[in-house]
1. List the relative contact order of the range 207-273 as a percent without decimals, with contacts defined as Cα pairs under 8 Å and 6+ residues apart.
2. Just the Cα atoms of the chain, one point each, no solvent: what log10 I(q)/I(0) does Debye give at q = 0.07, 0.12 Å⁻¹?
3. Can you work out the PRE-style zone for Phe145? Point 7 Å along Cα to Cβ, and I want the residues of the range 61-104 with backbone N under 20 Å.
4. Over the chain, what is the relative contact order in percent, taking alpha-carbon pairs closer than 8 angstrom and at least six residues apart?
5. Which entries of Lys32/Lys118; Lys27/Lys105; Lys273/Lys368; Lys240/Lys355; Lys118/Lys240; Lys178/Lys240 show an alpha-carbon separation above 28 angstrom in the structure shown?
6. Going by a ≥ b ≥ c, the root eigenvalues of the Cα gyration tensor, does the range 22-121 fall in the rounded group (a/c under 1.5), the prolate group (a/b larger than b/c) or the oblate group?
7. Roughly how many nanometres apart are two label points built 7 Å out from the Cα toward the Cβ at Lys368 and Leu63?
8. In debye to the nearest 20, how big a dipole does the chain give about its Cα centre with +1 on each Lys and Arg Cβ and -1 on each Asp and Glu Cβ?
Amino acid sequence: MNQVLINDTTLRDGEQAAGVAFNLQEKVAIAKFLDSIGVHELEVGIPAMGEEEMRAIAAISDLGLSANLLGWNRAVISDIQASLACGLERVHISIPVSGIQIAAKFHGQWRVTLQQLKDSISFALDRGLWVAVGGEDSSRADDNFLFDVAHYAQEWGASRFRFCDTVGILDPFTTYTKVNRLVAALMIPVEIHTHNDFGLATANALAGIKAGAMSVNTTVNGLGERAGNAALEEVVMAIKRIYGFDAGIDTQRLLELSRLVAAASGCSVPPWKAIVGENTFAHESGIHAHGVMQNPSTYEPFAPEEVGWERRLVVGKHSGRHLLSNLLLQHGITLSVEESQYVLDAVRKQSVQKKRSLSAQEVLNLVKEVRYSHAIG
Ligand SMILES: CC(=O)SCCNC(=O)CCNC(=O)[C@H](O)C(C)(C)COP(=O)(O)OP(=O)(O)OC[C@H]1O[C@@H](n2cnc3c(N)ncnc32)[C@H](O)[C@@H]1OP(=O)(O)O
Ligand SMILES: O=C(O)CCC(=O)C(=O)O
């Protein structure tokens, strides 16, 4: 792996998640943050949506960020005009490539589809824009037709072709095969765009990269249409830690970024969410906590600080003696083996009642109660 460009689409596909609506300030703040941690490219929105969206995109365009900025467009001249009016220098032009999409959007008239693509690419190029093309629903397209469209896009002057698994129906093996063939057939770079309908968006994004895609679409927290997209934090950490490739992103700020997008989108992150979920570096189970206290690598794939977290050891239903003693020692308390077992039994009972792990103070209260009942009992 020599190069992987991260083209983050939180501000476009991320915002397409039902119910998510960023305002101008939020869009600007997210764009600035992504840029500041080294994300290479940002798909900043859809100018054709109208004046308000155009104002937000123009405001991002005026920031003078280091990241390349792309506006998303249909193969429609007025969409490209809207992108130009925002001051963008790069456009992504999307065209459906599967039979099902062409039937629904172009009454099955694929020649008309291609003509619209040709006209919009040439309109954009004539105005000095850098052009990328997206094959919407590439994963369900007839392979020969997909190749034809990609070749035409290349011939007509596009600088990149996006392979889209629009409804998230591929697995990593098929993604690899399909993307690899496309990469081999084209001179221009291929980008991989995946969806999470079967929970495979990140795995498929990695398969696309392994197959030779030079750039990958991500969204923060995996936000996006339906079940979302490949998560930025997952893709960046997976290529860093599994493939040993550093994409140049400041990973220590991934948690802060996740929180910014969670707040702006109103979509909270589940505790078990990879990389940024609250439980990713929390240990409660006795066997795990015992191991982590000896050596954190026993149960952590990398150090929490690498993504902005701190490790948490919490006492709860599954905890054991070692974790309990560790907590109590910090408060100057040592228990006998027998006392520890009484306290652990009480912790289990209370955790089940409260349906959570316990705070340090709650554990200390249980210690007092156990000691008192045994003193008088
Ligand atoms: C897979 C994806 O994520 S694609 C991106 C999806 N994102 C969005 O739709 C969010 C932003 N969209 C919008 O704000 C609106 O849909 C707009 C402004 C783009 C268009 O709005 P409207 O003119 O009201 O049309 P509407 O959304 O109802 O229908 C889409 C139209 O675009 C056409 N269309 C869809 N994709 C394409 C394409 N890639 N190229 C050309 N035309 C297309 C449809 O055939 C339909 O055309 P019609 O109006 O002639 O029947
Ligand atoms: O860029 C494109 O062509 C469509 C991208 C997209 O959001 C998708 O296919 O899911």
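Here, each number is a calculation from the coordinates, and none is a lab measurement. Computed from a prediction, not measured in an experiment: that's the story for all the values here. Every residue, glycine among them, receives a Cβ derived from its backbone with ideal geometry; neighbour counts consider all protein chains shown.
1. Values: 46 pairs, mean separation 15.1, N = 67.
For the range 207-273, the relative contact order is 22 percent.
2. Summing over Cα pairs of the chain leads to -0.40, -0.88.
3. Output list for this probe position: 74-76, 93-104.
4. Numbers: 714 pairs, mean separation 48.9, N = 377.
Once normalised by length, the contact order is 13 percent.
5. Values: Lys32/Lys118 33 Å; Lys27/Lys105 30 Å; Lys273/Lys368 36 Å; Lys240/Lys355 36 Å; Lys118/Lys240 38 Å; Lys178/Lys240 24 Å.
The answer is Lys32/Lys118; Lys27/Lys105; Lys273/Lys368; Lys240/Lys355; Lys118/Lys240.
6. Working: a/c = 2.43, a/b = 2.19, b/c = 1.11.
Prolate.
7. If labels sit at Lys368 and Leu63, their model points lie 5.0 nm apart.
8. Numbers: 33 positive and 42 negative charges, 181 e Å.
Rounded to the nearest 20 debye, it is 880 debye.
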